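Before any comments, here is the structure.
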Amino acid sequence: MNFIDKIKKSQMLNNSLLCVGLDSDVRLIPSHLKLESNPLFKFNKNVIDCTSGAICSYKINSAFYEACGQEGIAQLKLTFDYIHAKHPEIPVILDAKRGDIGSSNEAYADYAFKYLDADAITLNPYLGKDALRPFLDQKDKGCVIICKTSNPKSGEFQDLIVNNCPFYLLIAKSVNDYWNYNQNCCLVVGATHPHDLRKIRRAVGDMFLLVPGIGNQGGDLRKTLQYGLTNSNGLIINASRSIIFADPTKNFSITAGLEASKLKDEINKIKNML
């Protein structure tokens, strides 16, 4: 089963468009876990156990694990293995934003897909289609390509006009028209720019959009759903810190589960009203 089919099945199974980001910053996890071995993995395991019924996917940002050196990478691997073993129906996205020349990308693809067994990976389009072929050629894996990001100054380059078209929209059209030959591409589009999301949706049809920016970044959930939904859903709505770090106490995982369920229900309520 390829990534797109897996995400559709997971969304249907849990009636959820919510993706929880395991951006597990060791500085922010509850203090009692910091005294234990594999604290990031234990934090993740508890969050996963309490959120798995309310979500359609997990997104794991590699940076927070790389920052902890070899122990962090080992805990990243443990997290992937745990999800695949306990919740094989839930796809896992490696948020690594890779983008390099072809031979380097072959190694990055091996790391993501063979070592970690990620279902999808976020990618930087700057080096172009040919450089990303080691990812694009993986028919069963998802390629989630950065398009319009959620940070406030994303327009510095992304909004530049190229051939009478904003650069972010040029990326969207290129991915849709030329890069998606295996029907395994998605785009990253921030909820903090709903009108740009609307333009992207019109350009790419039913392509799935991974939407960060809901939660602490203040993205507009209603407009995201209004402008981004398709007949096959077409959205993977990510929330990270607002869920996993909602409670600094020993009850952190229970609170994470409650927050995930709350956001899932809010998404579905708005969805059903549209």
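Since every read-out is calculated from the coordinates, none of them should be taken as a lab result. All values derive from a computational prediction rather than experimental measurement. No Cβ is skipped: glycine too gets one built from the backbone with ideal geometry, and neighbour counts run over all protein chains shown.
Observations, loosely collected:
- The packing ranking of peptides 234-245, 24-35, highest mean first, is 234-245, 24-35, where packing means the average number of other beta carbon atoms within 10 angstrom of each residue.
- Taking amide H atoms as placed 1.01 Å from N in the peptide plane, the amide H of THR230 lies under 5 Å from those of LEU235, each 5 or more residues away in sequence or on another chain.
- Placing pseudo-labels 7 Å out from each Cα toward the beta carbon at ILE73 and ALA107 gives an inter-label distance of 1.1 nm.
- Reference-scaled alpha-carbon Rg (2.2 N^0.38 Å with N residues) for the chain: 0.95
- Placing pseudo-labels 7 Å out from each Cα toward the beta carbon at GLN226 and ASP130 gives an inter-label distance of 4.4 nm.
- Acute angle (nearest 10 degrees) that the helix 3-14 long axis makes with the longest principal axis of the chain, alpha-carbon atoms: 50 degrees
- Backbone phi angles across region 30-47, fed through the Karplus curve with coefficients 6.51, -1.76 and 1.60 (θ = phi - 60°), yield HN-Hα couplings of x, 4, 5, 6, 5, 8, 9, 6, 6, x, 5, 5, 5, 4, 4, 4, 5, 5 Hz in residue order; Gly and Pro are listed as x.
- Expected 222 nm ellipticity per residue - DSSP helices of 4 or more, -39500 (n - 2.57), all of the chain, to 500: -12500 deg cm²/dmol
- Sequence-distant residues sharing a close amide H with CYS186 (under 5 Å, placed H): CYS143, VAL144, ILE145
- Taken one residue at a time, the phi angles of region 212-225 give Karplus couplings (6.51, -1.76, 1.60, θ = phi - 60°) of x, x, 7, x, 5, 7, x, x, 8, 5, 4, 5, 4, 5 Hz. Gly and Pro are set to x.
- Protection proxy ranking of 146-152, 158-164 - average other beta-carbon atoms within 10 Å, highest first: 146-152, 158-164
- Taking the DSSP bridge list for the chain and keeping only pairs wholly inside it, about 10 percent are antiparallel.
- Distance between the 7 Å Cα→Cβ label points at GLU66 and LEU160: 2.3 nm.
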